[in-house]
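Beneath this line is the structure, given in structure tokens, with notes to follow.
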Amino acid sequence: MTTLIDKTSPARSGGQGPSGSGRRGPVVILRGSGRYRLILAVCLVLAAGFVAWGGTLQPFEQGQLTRAGIFAIAILGLNFTTGYVGLLSVGHSAFLGLGAYTTGVLVVNYNQTALSTIPVAMGICFVVGLLVGIPALRIRGLYLAIVTLALGVAFPEIVARLGGLTGGAEGLTIRRTLLRPPEWSGFTLGEKDQWLYWLTIVCLLLAFVVLRNIITGRYGMAMNAVRQNEIAAAASGVNIATVKLLSFAVSGAITGLAGSLFAMYIGSLFAEGSFTVLAGITLLIGLVVGGERTMLGPIIGGLIVVFLPYYTSDIGGGQFSAVLFAIALIAVVFVAPDGIAGGLGRIIRKVVRVDARRPDGGREGGLFGDAPTATATESGSAR
Amino acid sequence: MDIFLTRLFAGMTAGSIYAMIALTLVIVFRSSATINFAQGEFALFTTYVSWWLTERGWNIWVTLIPAVVIGFVLCAAAERFLVRPVRRRDEAAVLIVGLALFTGLNGLSGTIWGSDDKVYPRLVPVSVDSFLEIAGARLFYDSLFVMGALVVVVGGLTLLMSRTNLGLQMRAVATNQESAGLCGIKVGRVFMISWGLAGAIGAVAAAILVPILPPGQLGLPGMFHMLIFGTVAAILGGLDSIKGAVVGGLSLGVGLAMINGYGSGLGGSISLTVALVVVVAVLGLRPSGLFGSKRLERV
């Protein structure tokens with residue numbers, strides 16, 4: 001990417017890079033300039049190329065990629081509340097499961113098409129998210145993590161209890177023919193994997209764009225304010241209760257979307273296997289390692305939680321990936337608190353800096369997270 | 001009556017174990033203000049060590065010594081090298097280190113000893129007739145042993161807290177870290193010892209509970225369930241109170257036994273959910289638990 005940029009460009013003089021010191025500051029690119037658009041276009045083409053390459057893979061590899069996409073959506077949802085508002089949740093597995101079981105039950109027992117169940121799943125998860133958000137108004141930090149832990153632990157038990165609806169401990173199997181891609185898509189039943197891959201990509205893209213717009217907007221500023229200092233946020237006119245409840249609900253709905261897709265992907269649902277608290281912890285690990293409060297973090301996290309166990313399954317009877325996860329987590333906490341995406345972002349920002357045209361900034365929630373403070377202190381110390 | 005007593009005894013047995021796990025969490029919480037998610041996995045690791053030694057022909061009681069020592073050293077080292085450097089940053093960072101230890105220790109145990117269940121011997125051998133009969137109900141000796149172990153642990157802790165210099169320092173740190181530091185207490189060392197102590201108690205608790213509580217074998221996922229019960233008990237009692245942990249653990253154990261026994265609509269597979277709903281309700285009404293000290297916030 002750096003080779004694209006002419007380092008002696010006039011754009012650089014517009015920045016506040018450390019002039020006079022021996023070290024060259026980062027190249028500054030203005031948002032919306034031609035150069036910026038070119039880089040963006042190249043990144044988009046690369047991403048599109050990757051997605052298209054995924055579309056040509058063998059069913060198994062493609063399935064793994066679909067799975068990673070589904071987890072990326074779920075982690076996007078988790079990032080919304082745990083990352084931006086700071087409501088730590090270890091029980092998001094329940095939303096994943098709720099979405100999956102909504103789709104499963106509607107398809108199997110009520111003859112709905114799989115696609116039409118997605119809005120229902122998201123709606124139910126939204127409402128449950130609101131309900132779970134209520135304790136978050138009074139309970140904070142660690143104690144809130146315990147409440148979400150309770151949610152995660154309770155979910156498999158409740159599913160087992162409602163055996164008549166959910167198949168209980170035996171699980172719920174969705175027959176393959178029930179997951180037939182819709183007529184208009186042009187995919188046949190045999191191409192179900194292809195259909196699901198593209199459906200996941202579209203959902204991921206939609207979730208990404210919608211969440212990014214929320215986070216970079218007014219509401220996103222309110223979310224950041226609530227995380228950083230509740231009292232100051234309230235004093236500035238942010239309704240803390242609304243922000244917390246809505247963020248939990250939206251987060252639940254997005255993770256529910258992932259669950260719905262997961263049901264279509266996996267076909268047979270076992271609450272004890274797929275939706276325990278351990279799955280919630282996996283989501284949290286993916287988020288932290290990928291990068292909290294970054295937009296690319298959840299996607300990196302989704303790829304990691306799927307592919308790291310896959311590639312290390314030969315070592316130590318499949319248990320070794322857990323050790324690697326632990327090392328990655330500790331490395332993240334010690335070396336790059338904003339995860340892989342944040343760390344990459346910091347390295348890139350040493351070379352290239354994107355400045356907004358507006359003087360007021362508003363860059364929170366950029367692809368690599370909210371960085372301006374880091375750059376500001378850096379250039380400050382260089383002077 | 002005898003059925004009631006039988007259920008009471010079963011509940012007390014399980015409750016004693018929950019109380020012991022809750023104690024380990026409370027000790028850590030009093031010093032570091034965090035719930036150590038990895039507490040169960042530390043205990044899992046030491047129990048695997050103990051099992052491995054019994055396979056080498058050691059007496060089960062003798063294997064407890066290395067288990068306790070390893071538990072102490074592992075936990076203290078984790079505090080010193082992993083938790084303390086990030087402690088000042090925020091709660092979330094410590095919690096994530098805890099999650100990392102949780103995942104890592106579980107994976108490490110699995111990598112070293114394999115993921116199949118192991119048969120772990122009982123500390124107190126039982127036969128069909130080794131019980132006391134009280135009003136028609138049977139109180140097995142191993143239940144007595146578990147309750148006795150809890151009494152010994154709590155008694156030891158109380159003595160440590162109230163009679164020794166170290167205990168005084170630990171209480172001072174729990175009350176106010178800065179003031180304690182200004183009085184010349186080496187706060188960091190107290191943290192480390194607290195974690196080590198929790199690890200040692202966890203090692204004992206795990207060795208006792210593995211053969212008694214279902215599934216009765218040593219397996220990788222088992223301790224996490226125990227950790228949840230322990231957390232529930234600790235929260236019920238207020239996270240920073242030793243008395244609270246014991247009351248919380250016993251009432252959780254007895255409560256679950258009664259729900260399972262009498263409330264057939266609520267029992268069985270869903271009992272943990274019921275317990276958790278109670279905890280959330282308790283937290284909603286009294287955010288610092290039954291015996292926990294109120295947190296003051298500066299507004």
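Laboratory data are not the source of any read-out in this text; all were calculated from the coordinates shown. The structure presented is a predicted model; accordingly, all values stated were derived computationally and were not measured. Positions of Cβ are generated from backbone atoms using ideal geometry, with glycine treated the same way; all protein chains shown enter the neighbour counts.
Near B:Asp90, within a Cβ-to-Cβ distance under 12 Å, what is the net charge of the other residues, with Lys and Arg +1 and Asp and Glu -1?
Numbers: positive: A:Arg227, B:Arg87, B:Arg88, B:Arg89; negative: A:Glu292, B:Glu91.
Counting the neighbours of B:Asp90, the net charge comes to +2.
Starting from the Cα gyration tensor of the protein assembly as shown, multiply each eigenvalue by 5, take the square root, and state the resulting semi-axes largest first in whole Å.
Numbers: eigenvalues 399, 206, 108 Å².
Equivalent ellipsoid of the protein assembly as shown: 45, 32, 23 Å, largest first.
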Checklist entry - Which of rounded, prolate, oblate describes segment A:157-219, given a ≥ b ≥ c as roots of the alpha-carbon gyration tensor eigenvalues and a/c under 1.5 marking rounded, otherwise prolate only if a/b is larger than b/c? => result oblate
Checklist entry - Which angle between 0 and 90 degrees, to the nearest 10, do you get for helix A:141-161 versus the longest principal axis of chain A when only C-alpha atoms count? => result 30
Checklist entry - Taking A:Lys244 as the anchor, which aspartates and glutamates have their alpha carbon closer than 15 Å to its alpha carbon, excluding any fewer than eight residues away along the same chain? => result A:Glu230
Next on the checklist: Residue by residue through segment A:302-312, what is 3J(HN,Hα) from phi via Karplus (6.51 cos²θ - 1.76 cosθ + 1.60, θ = phi - 60°)? Round to whole Hz and write x for glycine and proline.
Outcome noted: x, 5, 5, 5, 8, 8, 4, x, 5, 7, 10
Checklist entry - Under a Cβ-Cβ cut-off of 14 Å, what is the net charge of the residues other than A:Phe187 that fall near it, where Lys and Arg count +1 and Asp and Glu count -1? => result 0
Checklist entry - If you plug each phi of segment A:232-246 into the Karplus form 6.51 cos²θ - 1.76 cosθ + 1.60 with θ = phi - 60°, what whole-Hz ³J(HN,Hα) values come out, in order, with x for Gly and Pro? => result 4, 4, 4, 5, 8, x, 7, 7, 4, 4, 4, 4, 5, 4, 5
Checklist entry - Tell me, what HN-Hα J-couplings in whole Hz come from the Karplus equation 6.51 cos²θ - 1.76 cosθ + 1.60 at θ = phi - 60° for each residue of segment A:78-83, using x for Gly and Pro? => result 5, 4, 4, 9, 6, x
Next on the checklist: Using only the alpha carbons of segment A:60-300, what is the convex hull's orientation-averaged projected area in square nanometres?
Outcome noted: 12.4
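Per residue of A:151-158, count partner chain C-beta atoms within 10 Å of its C-beta, then hand back the mean as an integer.
Details: counts 3, 2, 9, 8, 1, 3, 8, 3.
Whole-number average of other-chain Cβ neighbours for A:151-158 is 5.
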Checklist entry - A:Leu269's amide H: which non-local residues (gap 5+, or another chain) put their own amide H closer than 5 Å, with H modeled 1.01 Å from N in plane and none for Pro or chain starts? => result A:Leu172, A:Thr173, A:Ile174
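Averaging sequence separations of C-alpha pairs under 8 Å and six or more residues apart, then dividing by the length of chain A, give the relative contact order as a whole percent. Each step should come with its number before you reach the end.
Values: 601 pairs, mean separation 113.0, N = 383.
It comes to 29 percent, rounded to a whole number.
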Checklist outcome for this item: Taking R0 as 60 Å and r as the Cβ-Cβ distance between A:Thr216 and B:Val73, the FRET efficiency 1/(1 + (r/R0)^6), rounded to the nearest 0.05, comes to 0.80
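Remind me, what semi-axes does segment B:51-109 give for its equivalent ellipsoid, largest first in whole Å, using sqrt of 5 times each Cα gyration tensor eigenvalue? Don't jump to the answer; show the numbers that get you there.
Values: eigenvalues 184, 32, 8 Å².
Ellipsoid half-lengths, sorted descending, are 30, 13, 6 Å.
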Item to check | Scaled radius of gyration (Cα, divided by 2.2 N^0.38 Å) that segment B:2-223 gives | outcome: 1.09
Next on the checklist: Can you compute the radius of gyration and Dmax for segment B:120-241, using only the Cα atoms, both in Å?
Outcome noted: 18.3, 59
Checklist outcome for this item: The answer for the net charge of residues other than B:Arg80 whose Cβ lies under 15 angstrom from its Cβ, with Lys and Arg +1 and Asp and Glu -1, is +4
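Hey, what did chain B get for relative contact order, percent, Cα under 8 Å, at least 6 apart? Could the numbers behind the result be given before it?
Details: 441 pairs, mean separation 106.6, N = 299.
Over chain B, the number comes to 36 percent.
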Checklist entry - Based on the Cα gyration tensor of segment B:27-72, what are the three equivalent ellipsoid semi-axes, each the root of five times an eigenvalue, rounded to whole Å and given largest first? => result 26, 10, 5
Checklist entry - Residues with amide H under 5 Å of A:Ile29's amide H, sequence separation 5 or more or different chain, H placed in the peptide plane at 1.01 Å from N; which? => result A:Arg353, A:Val354, A:Asp355
Checklist entry - Using modelled amide H (1.01 Å from N, peptide plane; none on Pro or chain starts), what sits under 5 Å from the amide H of A:Val90, excluding residues fewer than 5 places away? => result A:Thr148, A:Leu149
